Amino acid sequence: MKKICIFGAGAIGGAVATRLQLIAQSHDLDVSVVARGAQLAAIREHGLTVSAAGEPQPWAARMRATDDAAELGPQDIIFVALKGHQLTAACGALASLLGPETRLVAIQNGIPWWYFHGDKTSGLEGRRIEMLDPGGELWRRIGPERVIAGVVYQGAAVAAPGDIRLGPIGRFVFGEPNGEMTDDLERVATLIRDAGWQVKTTPRIRDDLWMKLQGNAAFNPLSALTRGTMADLLKEPMLSVVRQIVDEVRQVAEALGARIEGSAEEHIVANGGVGSAKTSMLQDLEKGRRLEYVPIQAAVGELARMVGVATPISDAVLALTTQLDESMARKGS
């Protein structure tokens with residue numbers, strides 16, 4: 001039996017946990033989740049229910065849930081579905097789940113802490129990004145060699161504790177940071193494919209990270225600063241700001257050796273299909289949570305400085321987002 005832990009049972013993590021639990025018997029899986037607060041209480045009481053746009057029936061499943069990762073023991077695969085800024089605090093708990101062959105499937109937004117591990121295109125292989133991994137704790141206690149990277153295209157929100165709402169069924173992209181097409185990579189891809197999502201594997205996962213990040217770096221902070229939906233941001237005058245941020249992010253990506261398919265304008269236009277959807281950062285703001293600006297914005301600025309790319313508009317928006325996050329934190333303390 002393969003032991004699978006979903007660490008972080010928010011919208012994406014909860015949806016993955018539910019779908020994996022529904023195939024657990026046929027795939028010989030032991031599925032568990034690490035959660036906290038009201039979400040943990042709801043999972044323990046009645047499990048998770050996931051409703052997806054276009055699907056005739058919701059999915060519902062019960063699984064083992066805990067806020068003490070150590071009681072679960074070593075896992076074969078850990079799907080890490082935390083926000084990027086939550087990882088350092090969770091390092092000890094994640095380490096308690098590790099066995100000799102454990103793989104971590106990292107499905108965070110933004111620049112990941114392991115970005116330069118196995119990177120053959122930037123000339124910066126092995127460099128550690130301090131703001132994403134203060135003191136090197138993740139690098140030392142988890143190890144970047146355990147990571148399988150994931151990029152998720154799936155609209156999702158927690159409507160209420162234990163109740164997750166998805167947009168139309170989306171897709172996952174997975175890749176090894178060193179570009180190898182391994183058996184572990186294929187096993188992870190098969191699990192998520194069998195759970196009901198479209199899946200692609202790639203030897204160039206950083207291309208896909210930047211493909212998604214070019215939008216996140218623009219839409220997430222601007223939506224939080226303006227309280228605007230995606231539709232609002234795709235109208236002038238905000239559209240001009242979106243275009244400038246996307247262009248800056250693409251310049252950084254290209255300087256690091258990434259290749260982003262399609263033009264900036266094509267990517268921006270594609271986001272018009274989500275209409276009145278709220279970004280994850282706006283959802284966090286409305287719920288009084290800390291904002292995920294470090295991996296989505298600040299780390300882009302750090303990489304830009306490494307490769308000598310100017311990002312003045314992104315830097316200005318980062319300053320505003322940082323102040324917003326600090327103000328919200330003071331208000332909540």
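None of the figures in this text is laboratory data; all of them are computed from the coordinates on show. In this text the structure is predicted, and so the values were computed from the model without any measurement. Note: ideal-geometry Cβ built from the backbone for every residue, glycine included; neighbour counts use all protein chains shown.
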Quick check on the chain: helices-only [θ] at 222 nm, where DSSP H runs of length 4 and up contribute -39,500 (n - 2.57) each and the sum goes over total residues. Nearest 500, please. -12000 deg cm²/dmol
Between K278, K83, K235, where does the largest GNM mean-square fluctuation fall for the chain, given springs only between Cα atoms within less than 10 Å? K235
Which of P221, P144, P168 moves the most in a Gaussian network model of the chain with Cα springs under 10 Å? P168
I'd like the distance between the alpha-carbon centres of segment 269-333 and segment 228-256, rounded to an integer number of Å. 12 Å
In cubic angstrom per residue, the convex hull of segment 1-69 built on its Cα atoms measures 82 Å³
I need the calculated FRET efficiency for the pair R64 and Y153, taking r as the beta carbon distance and R₀ as 25 Å, to the nearest 0.05. 0.30
Ranked list, fewest to most other Cβ atoms within 10 Å of each Cβ, for L124, L48, L285: L124, L285, L48
Mean separation of Cα contacts under 8 Å (6+ apart) over length of segment 207-332, as relative contact order %: 34 percent
Below 8 Å between Cα atoms, with a sequence gap of 6+, how large is the relative contact order for the chain in percent? 15 percent
Assuming 0.36 nm per residue, please report the length gained on full extension of the stretch S327 to A255 beyond their Cα-Cα distance. 22.5 nm
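Hey, with R₀ at 25 Å, roughly what FRET efficiency would M1 and E137 work out to, going by the Cβ-Cβ distance, to 0.05?
For R0 = 25 Å, the calculated efficiency reads 0.20.
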Among (1) 29, 23, 20; (2) 40, 21, 18; (3) 31, 27, 20, only one was calculated for this model; which label is it, if the read-out is semi-axes √(5λ) of the Cα gyration tensor in Å? (1)
Roughly how tilted is helix 312-332, in degrees to the nearest 10 and between 0 and 90, from the longest Cα axis of the chain? 50 degrees
Sorted largest first, the Cα spans of segment 207-332 on the principal axes come out in Å as 41, 33, 24
By how many degrees, 0 to 90 and rounded to 10, does the Cα axis of helix 238-255 deviate from the longest principal axis of the chain? 80 degrees
Checking the cross-link filter: which aspartates and glutamates have an alpha carbon closer than 19 Å to that of K278, excluding same-chain neighbours under 8 positions apart? D163, D232, E236, E286, E292, D325
Of the DSSP beta bridges with both residues in segment 118-275, give the percent that are antiparallel, rounding to the nearest 5. 70 percent
Determine, at each q value in 0.15 (inverse angstroms), the log₁₀ of I(q)/I(0) that the Debye formula gives when each Cα of segment 74-131 is one equal point scatterer. -0.52
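Sort H27, H46, H117 so that the residue with the fewest other Cβ atoms within 10 Å of its own Cβ comes first and the one with the most comes last.
Fewest to most other Cβ atoms nearby, the residues stand as H46, H27, H117.
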Using only the alpha-carbon atoms of segment 117-218, report the extent along each of the three principal axes, biggest first, to the nearest angstrom. 40, 30, 28
GNM flexibility winner over the chain from L29, L185, L282 (Cα, springs under 10 Å): L29
Can you sort T102, T226 from fewest to most other Cβ atoms within 10 Å of each residue's own Cβ? T226, T102
